[in-house]
Every structure is written in structure tokens, then in C-alpha cells.
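Since every read-out is calculated from the coordinates, none of them should be taken as a lab result. Worth saying up front: this structure is predicted, and the values here are computed from it rather than measured. Please note: Cβ atoms are built from the backbone with ideal geometry, for glycine as well, and neighbour counts cover all protein chains shown.
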Amino acid sequence: MPDFKDSQFDYLFSAVADKYPAIGQNTDSTQFQFSGSPMAANWKTGNDINAYNIANSVSADTNGFYTPNPGSLFNAYSDMILSISPSIDGSTDPTYLKTLKLFTDASTNYQTALDNAIIAWTSYKQQNMNPKTGLPVETQAEWLADELGGLQYQTAIDDANKVKTATGNNLALLVQSLNAALASDQKKLVDPANTSNYKKADGSLTVLPTITLNGDLGTDVTNWDSYPATQYDLDVTLTKDSTVTTPWKTVYTTNVEQHCFSTSVDTSISSTRLIQDSNYKLRVMCKGLKAYNVTFGNWYSPSFVDPTTAQFSPAAGVTSETFFSATNGSLHMIPSQIWVMYQPTIELTISTDTFKETVQGTLNSSIDWVDILSFRFDCTAGASMAEVGETTTTITFNSPVLQGPQIFGVTSLKEIL
């Protein structure tokens with residue numbers, strides 16, 4: 001009986017791909033990243049501001065785990081297209097250089113406002129986390145609309161964006177005399193026809209560049225809730241006999257040990273020992289699992305998002321690495337599908353002797369939660385979660401009763417030098 005030579009994420013990805021082939025297609029040009037930590041899928045339709053915020057995020061890392069960089073996609077794309085050189089002569093035109101500098105400064109100020117909001121939001125999440133779900137008390141949109149929370153950061157973002165939009169529009173108008181085709185695509189960034197209404201946390205509407213998560217998650221959750229108790233969209237079992245038939249490809253080698261098993265308290269549990277147990281079996285069940293495609297309005301032209309052809313004005317102060325570097329490129333990963341799971345349950349079966357030596361003490365302690373494969377489960381039931389047999393023991397980890405849908409992972413197009 002062979003040993004698991006890869007991580008449990010490799011085997012889970014392969015098992016999911018057996019039922020949902022789309023998750024593993026075109027892995028040379030796309031990359032699937034597991035959610036690196038619990039992340040709420042807190043929208044109902046693609047017109048919700050939370051859906052917009054998720055779709056408008058480029059992953060900060062190119063390893064195997066998704067870390068969203070909020071607000072980054074449209075901002076980075078507009079920076080890129082407005083930095084493209086209109087012509088050789090245009091690159092040295094004094095008026096063009098002056099207008100480009102105004103736009104570059106405005107773009108820097110807008111990025112600073114975004115960065116400040118991200119820092120403050122990260123601090124808020126750390127201090128206001130629901131330990132049972134691993135999610136913040138307020139969503140990001142709610143926090144940004146809260147006068148006692150992040151409203152000041154949202155105001156700064158909005159003010160900086162107005163200046164950036166105005167200077168970008170002026171730049172596009174000037175480029176029209178130098179390169180009409182490029183100017184036409186640049187002007188699409190501010191064309192009202194390429195915007196949509198999005199519902200904010202307080203119910204009001206805001207107009208933003210069209211970035212849509214297709215599908216109706218609210219209706220899907222209602223359908224999932226109607227399933228019989230034993231019906232799951234995903235029900236896979238990983239054992240010693242499992243094989244990886246669809247590789248989980250990442251740009252960089254990823255250390256996944258810390259993601260496989262962690263708890264609310266310091267423990268000495270070794271996930272390696274659990275996996276190598278002769279009776280090891282991990283059954284992963286999700287009441288709901290579905291991918292939601294990300295689409296963009298006509299402001300987006302994929303032909304420009306190409307590290308092999310992009311030509312930038314020297315005065316812009318950017319290069320292809322600015323946008324397409326694997327380590328810190330702002331457009332190195334373009335989201336194409338957001339994978340959502342609902343109400344996961346995990347059954348871990350191991351030898352009873354191994355259970356008593358590794359897990360039993362933890363379940364009998366004051367443990368509040370456990371993360372397995374980036375899923376968070378409430379463990380306040382303690383020892384009652386385990387069905388102890390003479391030879392094997394099965395521990396059942398259930399989602400918190402009121403836990404909503406979560407992001408399982410994200411598929412992105414790789415645009416990397």
C-alpha cells in the first residue's frame with residue numbers, strides 16, 4: 001500500500017477534478033489556488049458590492065493559496081493601459097509627459113489609499129474575528145461603510161479615484177492625437193456604457209466598472225438547503241490507495257503543511273503521522289460546490305494583458321515586471337472562476353491507538369476550532385465528535401450551524417513573465 005508522497009491538497013484537488021473537470025483544465029495557462037484561510041462568499045448575485053470586491057481582486061501570491069489584493073484588478077489594468085507608449089515621438093512630447101506625470105501621481109495616491117485601507121482592514125479582521133468561523137464580524141463592505149470602522153478609508157479611496165479618473169481621461173484625450181486606436185481603448189475605462197450599478201452594504205447603489213460574478217449564489221444556497229441530509233455536491237474520500245491523476249500545479253513550490261491541520265491552541269499533533277496511519281481515511285463532503293465565472297465589461301481588452309507584447313512609455317516609470325512579475329506583479333493572476341463551497345463536513349478515520357496518542361487529548365481540552373484543508377470547524381463539542389471503536393476511530397467535523405457559503409478556491413489566468 002503506497003504512502004502519500006504529495007500533500008493532501010494535491011489529492012483533494014485531483015479528487016475534485018474527477019467530478020468537476022473545469023477546475024483542472026488548461027493548467028499550463030491557468031492556476032487554481034485553494035483559499036488560504038476561511039473566506040466568506042458573502043454575496044447573493046453578481047450585482048452585490050461583495051461580489052464586485054471579490055472579482056476585482058488579483059491574488060497577491062502565485063503559490064498554491066489565494067490571498068486577495070482588494071481593488072487591485074481594475075486599478076492595475078488602468079495603470080497598465082494608460083502607461084503604454086502611444087508612439088516613439090509621443091513618448092518625448094512635453095505635453096504628453098506632463099499629463100502622464102499627473103496621471104502617474106494620481107495613480108500612486110490612489111494605490112496608497114487602497115494600501116492604507118488594506119492595512120486597516122487586516123488589523124480589524126485580526127481583532128474582530130469570530131473564532132468558530134474564522135471570519136470577521138463585519139464584511140469588508142460593511143466595515144468600509146461604517147462610520148466607526150473604515151468609512152474614512154473608503155472616502156479617501158473615492159476622493160483619490162476621482163482625481164485618477166479625471167487625469168486618466170485627460171491623458172486618453174491627449175493620446176488620441178498621437179494614437180487613435182490606443183486612445184479609443186483607453187477611453188473605454190471611463191465610458192459610462194462600461195459601468196454597472198452595484199448594491200452597497202446599506203442598500204444604496206454605486207456605479208463602478210463592470211466586473212461580474214455570473215450566477216445567483218442566493219438561489220443556489222436555497223437549493224442546497226433543500227437537499228436531503230445525505231446529499232452532497234461533493235463527496236470524496238482520500239485513502240492510502242488514492243492517486244493524483246490531475247496535478248495541482250503552482251508557479252512556486254508551496255509549503256502546505258501548516259494549512260493541512262491547525263487548531264485554536266498550540267498542539268503537538270502531527271498531520272504527517274495521521275496521514276501515514278495504516279487506517280487513515282479522510283472523507284470530505286460539501287453540501288454545495290460550484291464555480292462562478294468572472295467576466296469584465298468592454299473596458300477590458302485581454303490583448304493588452306500580455307507580458308510579451310506590452311510596450312510602455314519610459315516616462316511612465318513602469319516595466320513589464322511591474323505588472324507581470326511572478327513575485328510582485330500587479331496583473332500576474334487574472335481571476336476567471338471563483339469556486340464556492342457550502343456546509344462542508346469532514347470525517348477523519350485513523351487507528352484508535354493513533355487517536356488516543358495524538359488527537360484525543362486535544363479534543364478533551366478547551367479547543368474551540370480546528371482548520372483542516374483550510375476549512376474551519378467548531379470543536380466545542382469536544383470528545384463527543386469521536387466515535388471510538390476497538391480498531392479505528394472516526395472523528396466528524398461539522399460546519400457551524402449558521403455558517404454561510406465560503407470561497408473554496410480561485411482559478412486565475414497566469415500572465416507571468
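Among the listed pairs Lys164/Lys290; Lys44/Lys132; Lys19/Lys356; Lys44/Lys101, those with a Cα-Cα distance over 31 Å are Lys164/Lys290; Lys19/Lys356; Lys44/Lys101. Take each complete run of DSSP H in the chain, measure how far its Cα atoms stretch along the helix's own axis, and keep only those covering 20 Å or more with mean Kyte-Doolittle hydropathy at least -1.0; list them. Qualifying helices: 94-127, 151-175. Highest GNM mean-square fluctuation among Pro136, Pro302, Pro247, for the chain modelled with Cα contacts below 10 Å: Pro302. Here the sum of -39500 (n - 2.57) over DSSP H runs of 4 or more residues, divided by the residues of the chain, equals -10000 deg cm²/dmol at 222 nm, to the nearest 500.
Between the exposed loop cleavage positions of the chain, defined as GluC sites (Glu not before Pro) in a non-H, G, I, E, B DSSP state with at most 15 neighbouring beta-carbon atoms within 10 angstrom, the longest gap is 148-389. With point charges of +1 on the Cβ of Lys and Arg and -1 on the Cβ of Asp and Glu, referenced to the Cα centre of the chain, which listed residue (Thr165, Met285, Thr391) lies farthest in the positive direction of the dipole? The listed residue farthest towards the positive side: Thr165.
Charged neighbours of Gln31, selected by a Cβ distance under 9 Å, balance to +2 (K, R count +1; D, E count -1). Taking other C-beta atoms within 10 angstrom as a stand-in for reagent exposure, Ser325, Ser399 fall in the order Ser325, Ser399, fewest first. Of Gly329, Gly203, Gly71, which is the most mobile in a GNM of the chain whose springs link Cα atoms less than 10 angstrom apart? Ranking Gly329, Gly203, Gly71 by mean-square fluctuation puts Gly203 first. Whole-Hz Karplus values for segment 237-251 come out as 10, 9, 9, 5, 8, 5, 10, 8, 9, 10, x, 8, 8, 10, 5 Hz, taken residue by residue from phi with 6.51 cos²θ - 1.76 cosθ + 1.60 and θ = phi - 60°; glycine and proline positions read x. For segment 169-246, the relative contact order is 15 percent, taking Cα pairs closer than 8 Å that sit 6 or more residues apart in sequence and dividing their mean separation by the residue count.
Which whole-number percent is the relative contact order of the chain (Cα, under 8 Å, 6+ apart)?
Answer for the chain is 26 percent.
Each Lys or Arg adds one and each Asp or Glu takes one away; over the other residues whose Cβ falls under 14 Å from the Cβ of Met333, this sums to 0.
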